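The values are calculated or read from the model by the stated rules, or taken from the named source; none is laboratory data. What you see is a predicted model, and the numbers here were worked out from it, not measured in a lab. As a convention, Cβ positions derive from the backbone with ideal geometry for all residues, glycine included, and neighbour counts pool all protein chains shown.
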Amino acid sequence: MRHQTRVSAGGDWLRRPELWWLTLLVTVETVGLGGYLLLSNTDVQSLRYVLYPFVWINAGVVGVVHVTPRPTSRHAQVAAGLLAAGYFLVLAVLAGLVSVDLVGLFGATGHGHSHAHVHGLQVAMTTPGWGPRVGYAGSVLTVNLVPFRVIGYLALSYLVYAALCDLTGSVVSGVLGLGSCLSCTLPIVGSLSAGLAGGAAGFAALSTLSVDLSTAVFVGSVLLLTLRPTLGDAS
């Protein structure tokens, strides 16, 4: 009887939608990446940086498929949605996906930098996940969409929304999600990090690993937010 129970549990696990989505994603990503490398003759110098975008995409999609927000009142859903949207906007601004030229916004002239930039829609083909990058540069608003970051931040925002709907979400996991933009926030705390890391050379080494660190923090954030209901029930 025990053996049959284990087989049944294994069969249920194999039928989970997360596994099917992950299998589909990995298949499409493998074909797409292989085709891109063959057609573009790109020389891969660091394999992990080529694969990191897929880690973001896969972790985010699996987390979203796994988590279903609990039913709650309409007002609570609206409030949670607004907070999740603000959360996404903060991440997008910190990551440089969206930026606003305050000089151009308030109509100041003489010291703006908008004339030095190329305006309009731009598309750049790069390694899958990092691209294709779609950007728009205007006199006030600049948008630079990096696919894996957009998907990752949308996934985090959805998971935060689900946590807010539960009203049992871990504040730690939400704050940790902000750390997924570590590669963008490192320059802001450059002077402090340089002192802690042993000077400019130490901070340069830390900056080199910023994508590694941000990926680790992102995956940790998704895991915490995804497993949050299970951990909450256990506690």
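Being among the β-branched types (V, I, T), over 30 Å from S40 (Cα atoms) and at pLDDT 50 or above holds for only one residue in V150, V175, and it is V175.
Against the criterion of being modelled with pLDDT of 85 or more and either exposed (fewer than 14 other Cβ atoms within 10 Å of the Cβ) or assigned to a strand (DSSP E or B) (or both), Y161 does not qualify. Please work out if R48 is charged (D, E, K, R), outside any helix (DSSP H, G or I) and under 30 Å from R228 (Cα atoms). Against the criterion (charged (D, E, K, R), outside any helix (DSSP H, G or I) and under 30 Å from R228 (Cα atoms)), R48 does not qualify.
Considering (1) modelled with pLDDT under 90; (2) touching a helix residue (DSSP H, G or I) at 6+ places or on another chain (Cβ under 7 Å), the lone condition that V189 does not fulfil carries the number (2).
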